[in-house]
Amino acid sequence: MRDLFLREVEESDYENYYLIRSEKENLFWTGYDKPPHKERFFNWFKDRIADQQKHLYLLFDTKVCIGSLNVDFYNDYVAIGYSTVTKYKGKGYATYLVGESIRIANEARKRNPELKKIIAWINDQNEASIRVIEKNGFQKSETTEMRKRFGNEELYYQFEIYL
């Protein structure tokens, strides 16, 4: 990894975020078959970045946007989600993003000692994402959930790591 930096998104980052979330592989794992309506998604994006409990980050390698990280704070846990640009998959960037989520959560725990863990929900068929999360020390919990994706019920595991 060369010149990586992660920063919280600003409204001007919408195009980068939209492109990542609209890629075919990222759509697939989030359960969509087509990109979101651009204008409605922009409204969601603006609302999300205004929410003090939900943070969006973009990962850059030099000046190229290569990934995104969602970090959502709840009373005693943090929920994360992450995506990388397809052409950069398999190069360790998702592992880096998850590692950064741990760093962000640990920093937040200094201000809020109630935070106890980070969770991530992963589709049981998403082997690459399961490897990424496990590389960062997350463990599969006993908690599972069936979610509808493309009209089918699919199993999701909750992975967690304690802070």
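The values are calculated or read from the model by the stated rules, or taken from the named source; none is laboratory data. Note that the coordinates shown come from a computational prediction; the quantities given were computed from them, not determined experimentally. In this analysis, Cβ positions are derived from the backbone assuming ideal geometry, glycine residues included, and neighbour counts consider all displayed protein chains.
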Problem set entry | Out of Arg103, Arg109, Arg131, Arg147, sole residue that is farther than 30 Å from Thr62 by Cα and either without any contact (Cβ under 8 Å) to a residue 40 or more places away in the chain or over 13 Å from the mean Cα position of the chain (by Cα) (or both) | Arg147
For this session: Would you check if there is a residue in the stretch 20-28 being without any contact (Cβ under 8 Å) to a residue 12 or more places away in the chain and not in a strand (DSSP E or B)?
Result: yes
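One line per residue, one yes/no per condition, for (1) over 22 Å from Cys65 (Cβ atoms); (2) small (Gly, Ala, Ser); (3) part of a strand (DSSP E or B):
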| site | (1), (2), (3) |
| --- | --- |
| Tyr82 | no, no, yes |
| Gly90 | no, yes, no |
| Ala105 | yes, yes, no |
| Ile119 | yes, no, yes |
| Val132 | no, no, no |
| Gly137 | yes, yes, no |
| Glu154 | yes, no, yes |
For this session: Check the stretch 65-84 and report whether any residue there is within 20 Å of Ala128 (Cα to Cα), of a type outside the set (A, V, I, L, M), at pLDDT 95 or above and surrounded by fewer than 20 Cβ atoms within 10 Å (Cβ to Cβ).
Result: yes
Seminar exercise, completed: Taking the stretch 1-17 and the residues there that are over 14 Å from the mean Cα position of the chain (by Cα) and either part of a loop (DSSP other than H, G, I, E, B) or surrounded by 15 or more Cβ atoms within 10 Å (Cβ to Cβ) (or both), the one that is modelled with the lowest pLDDT would be Met1
Problem set entry | All positions within the stretch 26-40 that are under 16 Å from Asp124 (Cα atoms) and loosely packed, with under 15 Cβ neighbours inside 10 Å | Phe28, Thr30, Gly31
For this session: Considering (1) on the phi > 0 side of the Ramachandran plot; (2) β-branched (Val, Ile, Thr); (3) surrounded by 14 or more Cβ atoms within 10 Å (Cβ to Cβ), say which one Thr62 fails and leave the rest.
Result: (3)
Seminar exercise, completed: Cβ pairs under 8 Å, 6+ apart or interchain, first in the stretch 37-48 and free of Cβ contacts under 8 Å to residues at least 12 places away in the same chain, second of a type in the set (A, V, I, L, M), ordered by first then second residue, are Arg48/Leu56
